[in-house]
Structures are given as C-alpha cells and as structure tokens.
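No value in this document is a laboratory result; all are computed from the given coordinates. Everything numeric here is computed off the predicted structure, so don't read it as measured data.
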Amino acid sequence: MRTTVDLPQDLLATALELSHAKSKREVMTVALQEYVKRLMREEFLLMLENGAIDLTLEDLERMRADD
C-alpha cells in the first residue's frame, strides 16, 4: 500500500545509518514491526496483571521452549 508520510529527515537518516537498512521502506517496515511487537507485549502484560490470562512462569517458559 502506498502512503505519503512527512517524516523528520534527521530521524530517518539516523535510522537508516544505525540499521544498515537498504531503503527507507525497509527502515519503516522494521520500525512498524518493532512498534507493533512492543504494543502487543504491553497489552499481554496488562492482561496478565489483570488476571485476564492465567499463566505461570513455568507455562511461559514451556511456550518459549516449544518455539
């Protein structure tokens, strides 16, 4: 999907340099993936804290090992 976004040039240049990405598109894709992962982790932690998900540390470790 094509989208026009006005981004701070210095921020984009820094992201390109630090990431060693080959394109602006790659930088933006990775940035969005990381942002979504962070938000999903935060939401998951809130659900754990609120008791909406009932998992023990052992359950989580077992799930990680299964990956």
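Some notes on this structure:
- Estimated purely from DSSP H runs of n ≥ 4, each contributing -39500 (n - 2.57), the mean residue ellipticity at 222 nm for the chain is -23000 deg cm²/dmol once divided by its residues.
- Percentage, to the nearest whole number, of Cα pairs in the range 9-66 over 12 Å apart: 74
- Coupling constants for the range 31-41 follow from the phi torsions by the Karplus curve (6.51 cos²θ - 1.76 cosθ + 1.60, θ = phi - 60°), and in residue order they are 4, 5, 4, 5, 5, 5, 4, 4, 5, 5, 4 Hz; glycine and proline get x.
- Using θ = phi - 60° in the Karplus curve 6.51 cos²θ - 1.76 cosθ + 1.60, the 3J(HN,Hα) couplings for the range 54-65 round to 10, 10, 9, 4, 5, 4, 5, 5, 5, 5, 5, 5 Hz; x is entered for Gly and Pro.
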